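The values are calculated or read from the model by the stated rules, or taken from the named source; none is laboratory data. No experiment lies behind these values; they were computed from the predicted model shown. With ideal geometry, Cβ positions are generated from the backbone for all residues, glycine too; neighbour counts draw on all protein chains shown. Areas reflect the complete protein model, heavy atoms only, side chains present, ligands, DNA and RNA absent. Shrake-Rupley method; radii C 1.70, N 1.55, O 1.52, S 1.80 Å.
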Amino acid sequence: MKFASQLVNFNACPSDPFRPVATPIYQTATFEQEHADQFGQYDYSRSGNPTRTVLEEQLARLENADRAFAFASGLAAISSVTRLLSAGDEILACDDLYGGTYRLFSKILHRTGVQVRYADACDLERFAAAITPETRLLYTETPTNPLLRICDIRALADLAHGHGALLCVDNSAMSPYLQNPLDLGADIVVHSATKYLCGHSDVTAGVVAVRSPELAEQIYFLQNGEGSALGPFDSYLLLRSLKTLKLRLDCQQSSARKIAEHLNTRPAVQRVYYPGLAGHPGHDLHAQQARGAGAVISFATGSFELSKRIAEAARIFRISVSFGSVNSSISLPGSMSHASIPAEVRRGRAFGADLVRLSIGIEDAGDLIDDLTQAFERAWAKESTIGGWSTYAVPK
Ligand SMILES: *Cc1c(COP(=O)(O)O)cnc(C)c1O
C-alpha cells in the first residue's frame with residue numbers, strides 16, 4: 001500500500017464487536033480482570049490502552065519500525081531515549097538542536113551521570129572526532145531547526161555502528177511522509193508529534209519508533225515505568241490528525257516552495273534557509289534521503305529590530321512557537337523556541353537574533369505572500385522612521 005492509503009487503511013479497532021470505522025476513545029484508567037491471578041490484554045492505562053495501541057501500531061507502520069510508542073510530548077519521548085544510557089555513558093549530539101532538547105541534555109541529563117558532547121553532525125569528520133569510548137548514542141535532527149542544515153543519516157548510522165553506538169534521529173521536521181530514518185540505518189526515530197503528525201496545534205505528543213524488538217522492549221519498559229505515555233483522548237486526536245498528514249504536507253510544501261522563492265527576491269532578506277532551494281547547503285544530500293523539503297523556512301534580515309517588526313506586522317502568520325500546524329506561524333527562534341540555548345552557543349552556530357522562522361500552513365499561498373509583503377512594507381516604514389535604514393532602498 002502507498003503512504004496515502006496506509007494513512008486511512010488500518011484496523012481502527014481490533015476485536016471490537018461493533019467494528020467502528022473510527023477508533024473509540026477508551027477513556028478509562030483501569031480494566032476489569034476476569035481472573036484474580038492473571039491479567040487480560042489491558043489492565044491499567046499507563047501500561048497499555050486500546051486507543052493508544054491503535055495509534056502506536058499505525059505509527060510503527062508509517063515509520064517502518066518494529067514498534068512505536070506514544071508519549072505525552074516530544075521531550076518525554078526524547079527523555080525516554082536518554083534513559084537507555086547509564087551513568088558514565090555519553091551522548092554525542094548535533095550542535096544545532098531544538099532548544100528544549102538542548103535544555104534536557106545540558107541542564108537535566110548530567111544529573112544522572114550521562115554526559116553530552118556537541119559537534120557539527122553535518123561535518124562527518126568533525127563529528128567522528130568527537131566520539132569517545134564512552135559514546136553510546138549519536139543524536140541528531142535533519143533538517144536541523146531553525147537553520148535547516150542537512151546531515152547524512154546513512155553515514156551517521158555507519159559511524160555509530162562502527163563504534164558500537166546507536167543512532168537516534170529526530171524526524172519532527174519531516175514526518176514519516178517525507179523521510180524514514182530507520183530505512184537509512186538509524187536505530188531510533190523520535191518525533192515531536194505536536195508538529196506535523198498532529199498538525200492542528202491542539203495536542204502535545206511525542207513518538208519513539210525503534211528498529212529492533214530489543215529496543216522496543218526497553219522503550220516499553222521505560223514508558224510504563226516512568227508513566228510518560230500519551231493519554232487516550234490525545235491518542236485519538238493524533239490518530240485522527242494523522243489521516244490527513246499527506247494532504248496537509250502536500251499543500252504546505254507547495255506553498256513553502258513559492259514563499260521561499262519569493263523571499264529570495266526581497267531586498268530586505270539577506271539569506272533564505274530552505275532545503276528545497278538549489279543553493280541551500282546539503283540540498284542534494286537532502287534530496288537523496290528525503291522525499292520533500294518540508295514547510296519550514298528561515299530567513300535572516302541582518303537586523304533584530306526589523307525582524308521583530310516584520311513578525312509583529314504579519315496578520316495571517318501568527319507569532320507563535322512551534323511549527324507544522326495548519327495555521328502559518330512566524331517566530332524569532334533566538335528569543336522564542338531557542339531562548340534556552342545560551343547566546344554564546346547560538347552565536348557559535350552562526351544563528352543570529354535576526355533569524356525569522358516561518359512555518360507554512362494550509363492557507364492560500366497568494367494570501368500568505370500578500371501578508372508577508374504588507375508585513376515587510378509596514379516593518380520597513382517603521383524602521384525608516386527611526387532612521388536606521390535610510391541608506392537602503394525601500395524593498396518591494
Ligand atoms: C518541538 C520539538 C521538540 C519537542 O517536542 P514537544 O512536543 O514540544 O515536547 C523536539 N524536537 C523538535 C525538532 C521539535 O521541533
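Annotations
- The chain: mean projected area of Cα convex hull, nm²: 20.8
- The 3J(HN,Hα) values that the Karplus relation (6.51, -1.76, 1.60; θ = phi - 60°) gives for segment 276-287 are, in residue order, x, 7, 4, x, 5, x, x, 3, 5, 4, 4, 5 Hz. Gly and Pro appear as x.
- Accessible area of Glu57 (1.4 Å probe, protein heavy atoms only, ligands and nucleic acids ignored): about 100 Å².
- Carbon plus sulfur fraction of accessible area for segment 3-242, probe 1.4 Å, in percent: 49
- Annotation note: trypsin sites (Lys or Arg not before Pro) in segment 121-179 located in DSSP loop regions with a Cβ neighbour count of at most 13 within 10 Å are absent.
- Relative contact order for the chain: 16 percent, from Cα pairs under 8 Å spaced at least 6 residues apart, divided by residue count.
- Accessible solvent surface per residue of the chain, calculated while the other protein chains remain in place, 1.4 angstrom probe, Å²: 43
- Positive dipole terminus of segment 3-242, leading residue within Cys94, Phe18, Ile219 (C-beta point charges): Cys94
- Helix 213-226 axis versus longest C-alpha principal axis of the chain: approximately 90°, rounded to the nearest ten.
- HN-Hα J in Hz across segment 77-93 - Karplus 6.51, -1.76, 1.60, θ = phi - 60°, x for Gly and Pro: 5, 5, 4, 5, 5, 5, 6, 5, 9, 10, 3, x, 6, 10, 10, 10, 10
- The chain: angle of helix 50-62 to the longest principal axis, Cα-based, in degrees nearest 10: 60
- In order along segment 33-39, phi translates into HN-Hα couplings of 9, 6, 10, 7, 10, 8, 9 Hz, rounded to whole numbers, per the Karplus curve 6.51 cos²θ - 1.76 cosθ + 1.60 with θ = phi - 60° and x for Gly and Pro.
- Long-range amide H partners of Leu137 with built H, under 5 Å: Glu90, Leu92, Leu166
- Less than 5 angstrom separates the built amide H of Val116 from those of Ile91, all sequence-distant by 5 or more or on a different chain.
- Between 0 and 90°, nearest 10: helix 304-313 axis offset from the chain longest Cα axis: 70
- Within the chain: Cβ-based charge dipole about Cα centre, in debye rounded to nearest 20 (Lys, Arg +1; Asp, Glu -1): 1060
- Signed unit charges on C-beta, dipole axis of the chain, positive-most listed residue Leu104, Gln6, Pro267: Pro267
- Mean ellipticity per residue at 222 nm, deg cm²/dmol - from DSSP H runs of n ≥ 4 across the chain, formula -39500 (n - 2.57): -10500 deg cm²/dmol
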